[in-house]
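Below is one structure; the comments refer to it alone.
The values are calculated or read from the model by the stated rules, or taken from the named source; none is laboratory data. It should be emphasised that the depicted structure is a prediction, and the values quoted were computed from it without experimental measurement. Backbone-built Cβ (ideal geometry, glycine too); neighbour counts: all protein chains shown. For accessibility, only protein heavy atoms count, side chains too; no ligands or nucleic acids. Shrake-Rupley method; radii C 1.70, N 1.55, O 1.52, S 1.80 Å.
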Amino acid sequence: DQEISNLNLEISNLNLETSNLNQQINTLSEISHQLQTSTSWRVTKPLRYFGHQVKRIQYIYATTSNILTLGGGFIASANKTLYILRKEGLQGLKHRLASMKHKTTAGITYKNDYEKWVHLYDTLNDDDRARINSRIKKMPNTPLISIIMPLYDPPIEFLDAAIWSVRNQLYSNWELCIADDASKNTKVHELLQHHAKEDERIKIVFRKENGHISKASNSSLDLATGEFVALMDNDDTLSEHALFWVAETINQNPHAALIYSDEDKLSEQDGSRIDPYFKCEWNQELFLGHNLITHLGVYKTSIVKDLGGFRVGFEGAQDYDLAARFIEKIKPEQIHHIPRILYHWRILPGSTAKNIDAKPYAAIASEKALNEHLVRSHIKGHVSSLNFGHRIQFDLPEKPPLVSIIIPTRNGLDYVRTCVTSIFSLTTYPKFEIILVDNGSDDNLCLSYFSQLEEDYSNFRIIRDNSPFNYSALNNLAAKSAKGEVIALLNNDIEVISPDWLEEMVSIALQPGVGAVGAKLLYPDNTLQHAGVILGIGGWAGHAHKGLPASSLGYVARAALMQNFSAVTGACLVISREKFFEVGALNETDLAVACNDVDLCLKLKSKGYRNIWTPFATLYHHESATRGYEDTDEKRNRFMKEVSYMNKEWEDILHNDPAYNPNLTLSHEDFSLSWPPRVDSI
């Protein structure tokens, strides 16, 4: 009876979700129709091909009755479908859909159920192992990887599990270098000797006196003869394919010097896998906020030894300190991220895996290590500790540059008054001018207010342009007349909250290699509106952590730490005037209203600049308060035209954002799991 009841429930859920799927298909068809009938759409052969295939795609869905969603962002919108069709053709799309059978059920029913996700997408079967072994045999290079493991009286059962996780690696060219830091428990010695006797790849040194983790780690390092060293704690475990993916990455990137992977944790209660951290590609600013590398971190041995290994005095943050010194010796392109869970960090009482405050000396050591890193890197500023990471504050020059704040508007008296008043009354930055770009205001009260501002403030001026609304052109016009070395693009519905917002953003914008700088924007109800832009969301882009409470840390504190994003919103964007024009300013031809800020950021990124978002410049955004939403056919058609341009111009990066992770969703802005992930299958 229970089994029948469960089956009936499944059928009921299936019917409901099939109905949802049909609605999504109808939406897809409607979007396709809009694209095909829009006179502004540049008709291409792939698009015509896409239009022909909609009915065939519907047939695939209809015959695959247990596919409950389009799945994991593969077809987040018509643009995403077009992307798949272009890259892989209809057969490729069919193959992807077929592979979603059963698996996508979890995406709808469980959304963020990591246990279910692990079962479906991160559990090896015998066929997977056979394919991995076949790929290992074909590797032109099988580097020796030395695993560094210092230990002091760990729980026996966890130490045993850690060693077995190494011994069970599918990739066999490794050595385990263990340094026992004078453990008192004789069973630890017995267990180590037992494993060393059974496997000659295990090397052990028994230190005569306890020296703490830095000295013990150096003793482990002394045993290493491999080309690379991997850091591992004595109570954690490796995924059985961990070293395979490391070796694969080395083969694909011969100049790699530093490799890191995604990680999760083993629960204190039953050892189950929980709390995954799906990381982004190398992110310099985020690394200074928290240790992005951590586990599994793999380093070129020769560089580690040239640096002298681990430094005494940085215990608790010895690996963070090593990473900070290491990246100073290599180029960013030598750092590679593996978007797979290769390391399982065990939660134990008193461990930082359970509570970051468990080892307060570690936070002190981290802050010291990062501040020394800034000095060695000739970066003027300082790092201070937060209870979830670190804040980096860069120094302004002795003579801060003039900033030209550009605010386009048409009428909108209440919003403009709030915006301008908040700037003049709260902003503590010493040198700025406001350029108000009046785009055909006809409200007498508004015009009177503008005139009054010109009389009251010597650093306020108006530029008038009565042309049809073109956000890009209005900002470009003002930027050309700007007197400032730095420009700040500001929507007229922005309201300053933090007085030092401009100091924060300008100090970042002046750093070498930085392009655009974005701020933390809140809705009036104190929820997040903007915490960086994630490419690929909804088919082109979305705002990270949108809708979370303002005080929320977000996904692994990414809503509360300065970091690199591929793009930030132009609602509040600071950039040097020189770089703004270096990349051609805002695109006023193809992107008159929307998408122009993301396009600007991607042009900066293509030139090698880093776009930075900071949570320490906070402002309110009364979003679309004066221009409104895309709520008419004309606006929707214009928006679709601009999104289409973005997909044509930036197709690859829009669907592979290096500041995100392919294991995370493209359907939502909350960093939830992707069902299925967008990583290549084994």
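Between residue 448 and residue 111, what's the calculated FRET efficiency when r is the beta-carbon distance and R0 is 60 Å? Round to 0.05. It comes to 0.70.
For the stretch 138-233, the set of trypsin sites (Lys or Arg not before Pro) satisfying both a DSSP loop assignment and a count of at most 14 other C-beta atoms within 10 Å is given as 138, 184, 208. Per-residue Karplus couplings for the stretch 201-218, computed as 6.51 cos²θ - 1.76 cosθ + 1.60 with θ equal to phi - 60°, are listed in order as 7, 9, 10, 9, 10, 9, 6, 7, 9, 6, x, 6, 5, 5, 5, 5, 5, 5 Hz, Gly and Pro entered as x.
Between residue 527 and residue 193, the modelled labels are 6.3 nm apart [label points 7 Å from Cα along Cα→Cβ].
Hey, got a sec? Which GluC sites (Glu not before Pro) in the stretch 197-284 land in a DSSP loop and have at most 10 other Cβ atoms within 10 Å? Working shown, then result.
On the way: sites: 198, 200, 209, 227, 240, 248, 263, 268, 281; in loops: 200, 209, 227, 240, 268, 281.
Here the GluC sites (Glu not before Pro) that fit, given the DSSP loop and packing criteria, are 200, 209.
Computed from backbone phi, the HN-Hα couplings of the stretch 666-682 come to 10, 9, 9, 10, 10, 6, 6, 5, 9, 10, x, x, 9, 8, 5, 6, 5 Hz, rounded to whole numbers (Karplus: 6.51 cos²θ - 1.76 cosθ + 1.60, θ = phi - 60°; Gly and Pro given as x). The convex hull of the Cα atoms of the stretch 368-485, projected and averaged over all directions, covers 10.3 nm².
Provide the packing ranking of 115-126, 515-526, i.e. peptides ordered by the mean count of other C-beta atoms within 10 Å per residue, highest first.
Packing order, densest peptide first, comes out as 515-526, 115-126.
Here's how it looks for residue 514: its modeled amide H is under 5 Å from those of 610, which are all 5 or more places away or on a different chain.
Computed 3J(HN,Hα) for the stretch 126-141, one whole-Hz value per residue from the Karplus formula 6.51 cos²θ - 1.76 cosθ + 1.60 where θ = phi - 60°, is 4, 5, 4, 5, 5, 5, 4, 4, 5, 5, 4, 5, 8, 5, x, 9, glycine and proline marked x. Placing a pseudo-label 7 Å from each Cα along the Cα-to-Cβ vector at residue 364 and residue 139 gives an inter-label distance of 4.2 nm. Taking only protein heavy atoms and a 1.4 Å probe, the accessible area of the stretch 574-680 is 45% carbon and sulfur. The H on the amide N of residue 202, modeled in the peptide plane, is under 5 Å from the matching H of 176, each at least 5 residues off or on a different chain. Beyond a 30 Å Cα-Cα separation, which of these cross-linked pairs lie in this structure: 520/635; 380/579; 380/605; 184/300; 431/546; 111/279? Long pairs (Cα-Cα over 30 Å): 184/300; 431/546.
Placing unit charges on the Cβ atoms only, positive for Lys and Arg and negative for Asp and Glu, gives the stretch 373-530 a dipole magnitude near 640 debye about its Cα centre. Under a 5 Å amide H cut-off, with hydrogens placed 1.01 Å from N, residue 182 pairs with 207 among residues at least 5 apart or on other chains.
Which order do peptides 414-426, 611-623, 375-387 fall in by mean Cβ count within 10 Å, highest first? All intermediate terms of the calculation are to be shown ahead of the outcome.
Details: 414-426: 18.0, 611-623: 22.5, 375-387: 13.3.
Peptide ranking by packing, descending: 611-623, 414-426, 375-387.
Among the chymotrypsin sites (Phe, Trp or Tyr not before Pro) found in the stretch 277-320, not one is both in a DSSP coil and sparsely packed, with 16 or fewer other Cβ atoms within 10 Å of its Cβ.
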